[in-house]
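This report refers to the structure that appears directly beneath it.
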Amino acid sequence: MDIDNVMRLVRENIRTLAPYSTARDEYKGDIGVFLDANENPYNNGYNRYPDPRQSTLKELLSQIKGIAPQSMFIGNGSDEAIDLCFRIFCEPRIDNVVTIAPTYGMYRVAAAINDVEVREVQLGDDFSLPTAALLSACDQNTKLMFVCSPNNPTGNSFSIEQIRWILEYFDGVLVIDEAYIDFASEPSLTTLLSEYDNLIVLQTLSKAYGLAALRLGIAFAHPQIMQLFANVKYPYNINLAGMERAAELLKRDVAAEVESIKSERERVAQALEAVPCVKRVYPSDANFLLVKVDDAKEMYNKLIAAEVIVRDRSGVQGCEGCLRITIGTPDENEHLLQIMRN
């Protein structure tokens, strides 16, 4: 789908929106005296409004990700980008979105907030992607499809061939959530952005980069879509302290940490398979394992009693009897294994 057809999917009021223009939008350049934004003039390092376009941070991320700044949006976590997808493309009480299930719960929450119907399609055997069923769930009012890959809470990735197939036949915008892509064996689907204008790829700095407390998510898409995101977002959605700290921490090489997590993921998976109460350890491309046990609630409570917390996913359809276990440090992982062995 080309960008002209994608723009026809945008809500009319968003397409014609005159965005709020901040003082920092109206003048760009070096100047000595700022009397335009009703700020406190006494410098404490944070008395001025931050760059609403996050230009410096985008340039840094552009170097890391290999994607032009104009094809990028920085949000208050990936959740802001998810919410903007609904606000830009979905007419409340008219349009709908299609998602896989089980998957990340914020798609459904954001849909409910925006009064948009969600159509969930259950994953197949071993959490395979039911591409034909996903398209069958769509109608003329389906504006978005969300696919999390690697998926949360199942941990598995979906092939580029399957994603291409959806992009070829889906008449809406496909949103691929790659929060865990840095732990996967397959490359990012951002490689498809130059081919498909109806693709949005979400990533985050919370996982591999270890910046969860700073709440920084990224969306990648065609520049016209990213301009819509910029038009609809709140003017100063990312604060200066967060941008400065992120720029500093992004200069760290996290490759060794990522490799350690991946190595520990395989070690913990093998060790758990030998634990009597474990019925199955699902393959994972993420920084966690989905583990089926004899009694998920009992094991969860025993781990809590030992001051170890995991995520009980046994109440989620398709994940019955399962715990989601994040990969920690080697010492933390060994502590978990000792408890489960006993």
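Less than 13 Å from a label point 7 Å out along the Cα-to-Cβ axis of ILE3: which backbone N atoms in the stretch 199-236 qualify, by residue?
So the set is 199, 221-229.
Just to confirm my numbers, what's the Cα centroid distance between the stretch 172-201 and the stretch 296-324 in Å?
30 Å
Pick out, from GLN63, PRO50, ILE82, the residue whose Cα sits farthest towards the positive end of the charge dipole of the chain, with +1 on the Cβ of Lys and Arg and -1 on the Cβ of Asp and Glu.
The Cα lying farthest towards the positive end belongs to PRO50.
Tell me the GluC sites (Glu not before Pro) within the stretch 159-237 that lie in a loop according to DSSP and have at most 10 other beta-carbon atoms within 10 Å.
Numbers: sites: GLU161, GLU168, GLU178, GLU195; in loops: GLU178, GLU195.
When the GluC sites (Glu not before Pro) of the stretch 159-237 are filtered for loop state and at most 10 Cβ neighbours within 10 Å, GLU195 remain.
Order the peptides 52-65, 200-213, 18-31 from the highest to the lowest mean number of other Cβ atoms within 10 Å of their residues.
Details: 52-65: 16.9, 200-213: 20.1, 18-31: 11.0.
With the highest mean Cβ count within 10 Å placed first, the list reads 200-213, 52-65, 18-31.
Could you pull out every Cys in the chain that lacks a partner Cys with its beta carbon under 4.7 Å away?
Isolated Cys, the chain: CYS85, CYS90, CYS138, CYS148, CYS277.
For the residue pair ASP253 and THR191, what label-to-label distance in nm results when each label sits 7 Å from Cα along the Cα-to-beta-carbon direction?
The two pseudo-label positions are separated by 2.4 nm.
Which is farthest toward the positive dipole end of the stretch 206-314 among VAL293, ALA247, TYR236, measuring Cα position about the Cα centre, with Cβ charges +1 (Lys, Arg) and -1 (Asp, Glu)?
TYR236
Using mean Cβ contacts within 10 Å as the protection proxy, how do 90-103, 144-157, 289-302 order, highest first? Could the numbers behind the result be given before it?
Numbers: 90-103: 20.7, 144-157: 24.4, 289-302: 17.8.
Sorting 90-103, 144-157, 289-302 by mean packing, highest first, produces 144-157, 90-103, 289-302.
Calculate, axis by axis, the spread of Cα positions in the stretch 177-253 along the three principal axes, and write the results as whole Å, longest axis first.
Cα spread of the stretch 177-253 along its principal axes, largest to smallest: 36, 35, 17 Å.
With the alpha-carbon atoms as the only input, what is the per residue convex hull volume for the stretch 255-341 in Å³? The partial results should precede the final answer.
Numbers: hull volume 7.2 nm³, N = 87.
Hull volume over Cα atoms, normalised by residue count, gives 83 Å³.
Once the Cβ-Cβ distance between ASP295 and ASP331 is put in as r, and R0 is 25 Å, what FRET efficiency do you end up with, to the nearest 0.05?
Numbers: r = 27 Å, r/R0 = 1.06.
Approximately 0.40, to the nearest 0.05.
Return the distance in nm (one decimal) between the two label points of a simple spin-label model at TYR234 and GLN338, each offset 7 Å from Cα along Cα→Cβ.
So the two model labels end up 4.5 nm from each other.
Hey, what did the chain get for relative contact order, percent, Cα under 8 Å, at least 6 apart? Write out the running numbers ahead of the final one.
Working: 578 pairs, mean separation 63.3, N = 342.
Contact order relative to length: 19 percent.
Between ARG245 and GLN122, what's the calculated FRET efficiency when r is the beta-carbon distance and R0 is 51 Å? Round to 0.05. Intermediate values should be presented prior to the final figure.
On the way: r = 41 Å, r/R0 = 0.80.
Between ARG245 and GLN122 the formula returns 0.80.
At a Cα cut-off below 27 Å, give the lysines reachable from LYS279, other chains included and same-chain residues fewer than 8 away excluded.
Answer for LYS279, where 27 Å is the Cα cut-off: LYS262, LYS292, LYS297, LYS302, listed by chain and number.
Suppose only helical runs count, i.e. DSSP H with n ≥ 4. What mean residue ellipticity at 222 nm does that imply for the chain under -39500 (n - 2.57) per run, divided by all residues and rounded to the nearest 500 deg cm²/dmol? All intermediate terms of the calculation are to be shown ahead of the outcome.
Working: 13 runs with 123 residues, N = 342.
Here the helix-only value at 222 nm equals -10500 deg cm²/dmol.
At 7 Å along the Cα-to-beta-carbon direction for both ASN43 and GLU12, put a label point, then send me their distance in nm to one decimal.
Roughly 5.1 nm, to one decimal.
Every number here is computed from the coordinates shown, using simple stated rules; none is lab data. Since the model is a prediction, treat every value here as computed from it, not as a measurement. FYI the Cβ positions are ideal-geometry reconstructions off the backbone, even for glycines, and counts take in every protein chain you see.
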